[in-house]
Amino acid sequence: MGNWTVHEWPEASSTNDLARSLTPWSIARCDVQTSGRGRFNRPWIGAKGGLWVSFTVPLHDPGRTDWGQLPLLAGLALIDCLRSFNIQNARLRWPNDVLVGNSKLAGILVERPSKDMAIIGIGVNIANDVDALYGITKDPAISIGKLLSPCPDISDILKVLSQKIESRFLSFTQGGLAAISEDLKQAWMIYKEVTIQTDAGDMTGVFCGIDPSGNPAIKEKNGKITTISGHLINRLIENH
Ligand code: BTN
């Protein structure tokens, strides 16, 4: 599995927490995650059958100002992985929710416990019971098991995902966001009307990709294209 060192547990609180004490190029995976976290500290339910995993990557140049774009890279690596299992209709919703139709297949939480290491935490619904999540999660949930028959093994998905993360990370460290931006454009797939919530108020327009810094751009009703700084965004909602 590339140059990764794999650590596995039958049960863990959060693989992102376990990953903090690991060295770069480690993988922390558990079968059941009891206190998984999503973005904005939302709980993430990690029942048996899903892939609950964190990857640690080295930030050799801690002064680089674009490490905040790692979540975009991680989303793209996950899309690469799903496409290689022939899930062609998986797409990204900014910054990195992975959806099929309007249902959530996977989520990503990137954290930076020290200046020279980042943790890419990924949760993918595979054979876990997503019907049990009905009404609990903000987005309806879908799993790979509902899309593919036979459902691939967690270990096979992890193997491909780790290769895709490694390869996208290496391109990004060498070429920055520009090295992955064309592929990211494909990964947004559908340009829907969205509402972007910030502390200063909401903005609505058609999502039309990202600017060179990874901030989402929307086309407003009057035709004006506006980008909103990612760090100001509380939530981006697709208006179905
Ligand atoms: C989100 O969609 O809000 C992000 C969800 C990220 C969940 C994964 S599961 C593995 C890793 N450990 C965590 O506690 N969270 C991430």
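The values are calculated or read from the model by the stated rules, or taken from the named source; none is laboratory data. Remember, predicted model here, so these are calculated numbers, not experimental data. All Cβ positions, glycine included, derive from the backbone under ideal geometry; neighbour counts span all protein chains shown. All accessible areas refer to the heavy atoms of the entire protein, side chains included, with ligands and DNA or RNA removed. Shrake-Rupley method; radii C 1.70, N 1.55, O 1.52, S 1.80 Å.
Overview of results
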{"item": "Any hit, region 32-54, residues being open to solvent by less than 10 Å² (accessible area, probe 1.4 Å), at pLDDT 95 or above, among the hydroxyl-bearing types (Ser, Thr, Tyr) and farther than 19 Å from residue 215 by Cα", "result": "yes"}
{"item": "Elements of type helices (runs of 4 or more DSSP H) contained in region 64-181, each with 3 or more residues being within 12 Å of the ligand (Cβ to nearest atom)", "result": "70-84"}
{"item": "Some residue of region 161-170 being aromatic (Phe, Trp, Tyr), more than 16 Å from the chain's Cα centre (by Cα) and either modelled with pLDDT of 95 or more or open to solvent by 40 Å² or more (accessible area, probe 1.4 Å) (or both)", "result": "no"}
{"item": "When residues of region 225-240 are limited to those that are hydrophobic (A, V, I, L, M, F, W, C) and open to solvent by 70 Å² or more (accessible area, probe 1.4 Å), the one nearest to residue 41 (Cα to Cα)", "result": "232"}
{"item": "Scope region 13-31; condition free of Cβ contacts under 8 Å to residues at least 24 places away in the same chain and either crowded, with 20+ Cβ neighbours inside 10 Å or in a strand (DSSP E or B) (or both); matching residues", "result": "30, 31"}
{"item": "Filter pass, residue 52 being part of a strand (DSSP E or B) and either among the charged types (D, E, K, R) or more than 7 Å from the ligand (Cβ to nearest atom) (or both)", "result": "no"}
{"item": "Whichever residue in region 108-157 is of a type in the set (S, T, N, Q) and without any contact (Cβ under 8 Å) to a residue 60 or more places away in the chain and, among such residues, is farthest from residue 53 (Cα to Cα)", "result": "149"}
